[in-house]
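Below is one structure; the comments refer to it alone.
The values are calculated or read from the model by the stated rules, or taken from the named source; none is laboratory data. Computed from a prediction, not measured in an experiment: that's the story for all the values here. Because the Cβ atoms are built from the backbone with ideal geometry, glycine has one as well, and the counts that use them run over all protein chains shown.
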Amino acid sequence: MTTNPAPPQAFDKKTRGEVDGGAPPGMGKGIDQRADKARKKLSSPWASGIAIVIAILWTVPTFGLFVTSFRPVQDIRANGWWNFFGSPSVTLDNYRSVLFEGDQPLAQYVLNSVVVTIPAVIIPISIALLAAYAFAWIDFKGRSVLFVAVFALQIIPIQITMIPLLTQYVQWDLAGSFWAVWLSHSIFALPLAIFLLHNFMKDIPPSLVEAARVDGAGHVQIFFRVLMPLLVPAVAAFAIFQFLWVWNDLLVALVFGSQQQVSPLTVRLATLAGDRGETWHLLSSGAFVAMVVPVVVFLALQRYFVRGLLAGSVKG
Amino acid sequence: MFENIGLWVSYFWDLTKDFLLDAETPGHKLALMVVAVLLFVIVMGAILLAVDRPKHVPNWVVTLGFAGPAVLALGFGLVYPALRTTYESFFNRNGTEFIGLDNYVTAFTQESFQIVLRNTALWVLLVPTLATFIGLVYAVLVDKTRFEKAAKALIFLPMAISLVGASIIWRFVYEFRDAARPQTGLANQLLVWLGLEPYQFLINQPLNNVFLIAVLIWIQAGFAMTILSAAIKAIPDDIVEAATLDGLKGMQMFRYITVPSIRPALVVVITTIAMTTLKVFDIVRTMTGGNFGTSVVANEFYAQSFVQGNAGMGAALAVILFLIVIPVVIYNVRQLRLSEEIR
């Protein structure tokens, strides 16, 4: 595929709009069969009907809020977003006022979200990488017992840890600072991170590690020189997971960082949503401000994300 | 020697405390973030450097260097607090008096808590089954069609947004207005177009629970679809071909070939979603605040612990949450064992 990707792509594009007869000579049998199958599937009205209904249900709600976020306030209050197409008038005022106006502008919370998220992704991945290495490639007593224990910790609901943790942070004077949030997110991420990265590390051929060992490399060298380069996709997969989890989290942020100078976007949005009254111009634009970063990251790195999902749950 | 270290630490702490704890301006916050990452890198680097002398350092020290930080963090942040919470669940609201199982008795007998438990049961039954079913049907329908990639991305995208964002999206759909005014919520507009009265989706009990549950199904179906789609693609071609030769079509193929072949993946998906569902509180909190008989255990835990200030009850609810997860996990492990035996 990598040697000569252009022809099939061109063929694909050409036939997309046409009905038939676009098959160039010498194309593989596989593609013909696939196209046949596709046509068969789509000709079954029930199947495509159901698929279309699901697709509509899954997109229209978001689309509606998206349209709303660009409508003038008085329009939003007057009628539903579908009226937009009858008399379109677009404004960025909602975004301006939610981001920069009022006594608690959302821009400040965007910054908080960034400051919370970056260390909360880097720290647990690094710790988990080292631990996963120990569980995969260092022989020590009680290794499998400890690994099973770490694996089992995944089922602990984080709620059960929160009151004692908060008490501890208060004692250490950390409550209400970024440290409490970073520390909590890092700890909560570890069981899944260790498990996932361990699975990836076990897939690396032992001969590679053995060879390095024979050459006199210690564990630290093996870890950095042999394993890390091979683990980039796995790290990327988990980094996206953790990024989405932290950026979108509400519970940890509420419990450990609800102060205005620390709390991320989700907390502010939840507060906005809690205020009664018709603030849909702020809520709609605010929601999309919060969504844009994870959606972009997600779409850009979807491949890694899917791989991570599959490794995480199917191997279980 | 050690006294000196202690002195140094406290001196350093006094010097930097304000910088480390009270970040208010944007510049300060970003600087603090960089400092935190650097500090972490330095500490971890020092540990690794210390154990990076093969033959000179005993094996257990190396092990400690690699696994130590994680084990320490998990012990401090998960194991100890979990035990502590379990212990505290036997005490009264401010932890001063031992009251035995009273909190649990309250949770299972008082009517308001019974509603919470009933709702949780409803969530944990409906979300995994429906999300998995929809995800499976969709995965089968779009499999190998021309639009597969785009069609999957549509269903998949809700996974990237926060539960708070999703709740806002759906609250807007459910928005209710008096029949005299034009509707702004799509759901009620549809009712009006059909000639029906607008409906209070989030307030009318007990059906409002179902409308909240729909939001989580909307989010989780993408996860189910992704895993199941991969499982479907992994079904060996010869099985499908043999079934086709035997004359199996459409629904039969789905029923007798697809579903049995991906059974292990189905179990994993259902149990994973069930565990996620139990812990979700964002939706209830953002959409109804737990009012109108919609609270679930995870939301009630937050309300009791941090709003009502009833630490004992909060702890008991957290333990209950943990206890409900266990049967799900056991089922998961059992099914996986079973499918491995068959293989």
**Asked** more than 7 Å from every other protein chain (Cβ to nearest Cβ), out of contact with any His (no Cβ under 8 Å at 6 or more places or on another chain) and farther than 16 Å from A:THR161 by Cα - does that describe any residue in the stretch B:81-92?
**Response** yes
**Prompt:** Hey, any hits in the stretch A:56-68 for a residue that's hydroxyl-bearing (Ser, Thr, Tyr), under 30 Å from B:TRP193 (Cβ atoms) and outside any helix (DSSP H, G or I)?
**Reply:** no
**Message:** Can you tell me how many residues within the stretch A:83-95 are out of contact with any Lys or Arg (no Cβ under 9 Å at 6 or more places or on another chain), of a type in the set (A, V, I, L, M, F, W, C) and within 13 Å of another protein chain (Cβ to nearest Cβ)?
**Reply:** 0
**Request:** Only residues that are over 27 Å from B:ALA67 (Cβ atoms) and in a loop (DSSP other than H, G, I, E, B): list them for the stretch A:158-194, please.
**Result:** A:ASP173, A:ALA175, A:GLY176, A:SER177
**Item:** Where a residue in the stretch B:162-182 is at the interface with chain A (Cβ under 7 Å from one of its Cβ atoms) and its partner, wherever it lies, is outside any helix (DSSP H, G or I), with Cβ under 6 Å and at least six apart
**Value:** B:VAL164/A:LEU250; B:VAL173/B:GLY185; B:PRO182/A:ASN79
**Asked** Of these, A:THR271, A:THR279, A:THR266, which one is touching a helix residue (DSSP H, G or I) at 6+ places or on another chain (Cβ under 8 Å), surrounded by fewer than 21 Cβ atoms within 10 Å (Cβ to Cβ) and either in the same structural domain as A:GLN302 (by TED's automatic domain parsing) or more than 30 Å from B:ARG177 (Cβ to Cβ) (or both)?
**Response** A:THR279
**Item:** In the stretch B:7-37, the residues that are of a type in the set (A, V, I, L, M, F, W, C), at the interface with chain A (Cβ under 8 Å from one of its Cβ atoms) and in a helix (DSSP H, G or I)
**Value:** B:LEU20, B:LEU21, B:LEU30, B:LEU32, B:MET33, B:ALA36, B:VAL37
**Prompt:** Out of the residues in the stretch A:250-263 that are touching a helix residue (DSSP H, G or I) at 6+ places or on another chain (Cβ under 7 Å) and outside any helix (DSSP H, G or I), which is modelled with the lowest pLDDT?
**Reply:** A:SER258
**Request:** Evaluate the following for B:VAL116: is it more than 22 Å from the chain's Cα centre (by Cα), part of a helix (DSSP H, G or I), more than 12 Å from chain A (Cβ to nearest Cβ) and among the β-branched types (Val, Ile, Thr)?
**Result:** no
**Prompt:** Taking the condition within 11 Å of chain A (Cβ to nearest Cβ), surrounded by fewer than 19 Cβ atoms within 10 Å (Cβ to Cβ) and more than 30 Å from B:ASN94 (Cβ to Cβ), does B:ILE324 pass?
**Reply:** no
**Prompt:** Of everything in the stretch A:263-303 that's β-branched (Val, Ile, Thr), in contact (Cβ under 8 Å) with a residue 12 or more places away in the chain and at the interface with chain B (Cβ under 8 Å from one of its Cβ atoms), which residue is nearest to B:LEU21 (Cα to Cα)?
**Reply:** A:THR266
**Message:** Checking the conditions here, which among B:ILE232, B:ILE257, B:ILE262, B:ILE168 is under 29 Å from A:VAL289 (Cβ atoms) and not small (Gly, Ala, Ser)?
**Reply:** B:ILE168
**Message:** Just to be sure before I move on: is A:PHE147 within 30 Å of A:ILE204 (Cα to Cα), out of contact with any Cys (no Cβ under 8 Å at 6 or more places or on another chain), assigned to a loop (DSSP other than H, G, I, E, B) and within 10 Å of chain B (Cβ to nearest Cβ) in the structure I sent?
**Reply:** no
**Complete:** With the first residue restricted to the stretch B:38-58 and required to be in the same structural domain as B:LEU20 (by TED's automatic domain parsing) and part of a helix (DSSP H, G or I), and the second required to be surrounded by 12 or more Cβ atoms within 10 Å (Cβ to Cβ) and among the aliphatic types (A, V, I, L, M), Cβ contacts under 7 Å at 6 or more apart or on different chains are B:PHE40/A:ILE123; B:LEU48/A:VAL220; B:VAL51/A:VAL220; B:VAL51/B:VAL57; B:VAL51/B:VAL61; B:VAL51/B:VAL62
**Request:** Only one of these is of a type in the set (Val, Ile, Thr) and crowded, with 22+ Cβ neighbours inside 10 Å: A:THR68, A:THR91, A:THR59. Name it.
**Result:** A:THR68
**Prompt:** Any idea which residue in the stretch B:259-285 is nearest to the chain's Cα centre (by Cα), counting only those that are surrounded by fewer than 22 Cβ atoms within 10 Å (Cβ to Cβ) and not aliphatic (A, V, I, L, M)?
**Reply:** B:THR276
**Item:** Checking A:VAL220 against (1) of a type outside the set (Ser, Thr, Tyr); (2) within 30 Å of A:LEU106 (Cβ to Cβ); (3) within 11 Å of another protein chain (Cβ to nearest Cβ), the condition it does not meet
**Value:** (2)
**Request:** Kindly provide the set of residues from the stretch A:167-179 that are touching a residue at least 24 places away in the same chain (Cβ under 8 Å) and either under 22 Å from the mean Cα position of the chain (by Cα) or at the interface with another protein chain (Cβ under 10 Å from one of its Cβ atoms) (or both), ordered by number.
**Result:** A:ALA175, A:GLY176, A:SER177, A:PHE178
**Extreme residue, surrounded by the most Cβ atoms within 10 Å (Cβ to Cβ), among residues of the stretch A:121-134 that are more than 7 Å from chain B (Cβ to nearest Cβ) and under 10 Å from B:ALA70 (Cβ atoms)** = A:ALA132
**Asked** Yes or no: A:LEU208 in a helix (DSSP H, G or I) and facing chain B (nearest Cβ under 7 Å)?
**Response** no
**Options B:GLY314, B:GLY289: the member that is within 24 Å of the chain's Cα centre (by Cα), in a helix (DSSP H, G or I) and free of Cβ contacts under 8 Å to residues at least 40 places away in the same chain** = B:GLY314
**Complete:** Exactly one of A:VAL296, A:VAL267, A:VAL232 is closer than 30 Å to B:ILE47 by Cα and of a type outside the set (Ser, Thr, Tyr), and that one is A:VAL232
**Fill in**
Of the residues in the stretch A:69-82, those that are among the hydrophobic types (A, V, I, L, M, F, W, C) and either in a helix (DSSP H, G or I) or assigned by TED's automatic domain parsing to the domain that holds A:SER284 (or both) come to A:VAL73, A:ILE76, A:ALA78, A:TRP81, A:TRP82
**Fill in**
Selection from the stretch A:46-82 of residues of a type in the set (S, T, N, Q) and at the interface with chain B (Cβ under 8 Å from one of its Cβ atoms) yields A:SER48, A:THR59, A:THR62, A:THR68, A:ASN79
**Prompt:** Taking interchain pairs and intrachain pairs at least six residues apart, which have beta carbon atoms under 8 angstrom, with the first residue in the stretch B:134-157 and modelled with pLDDT under 90 and the second of a type outside the set (D, E, K, R) and in a loop (DSSP other than H, G, I, E, B)?
**Reply:** B:ALA151/B:THR145
**Fill in**
Here the residues within the stretch B:293-307 that are more than 11 Å from B:THR120 (Cα to Cα) and surrounded by 23 or more Cβ atoms within 10 Å (Cβ to Cβ) are B:PHE301, B:TYR302, B:GLN304, B:SER305
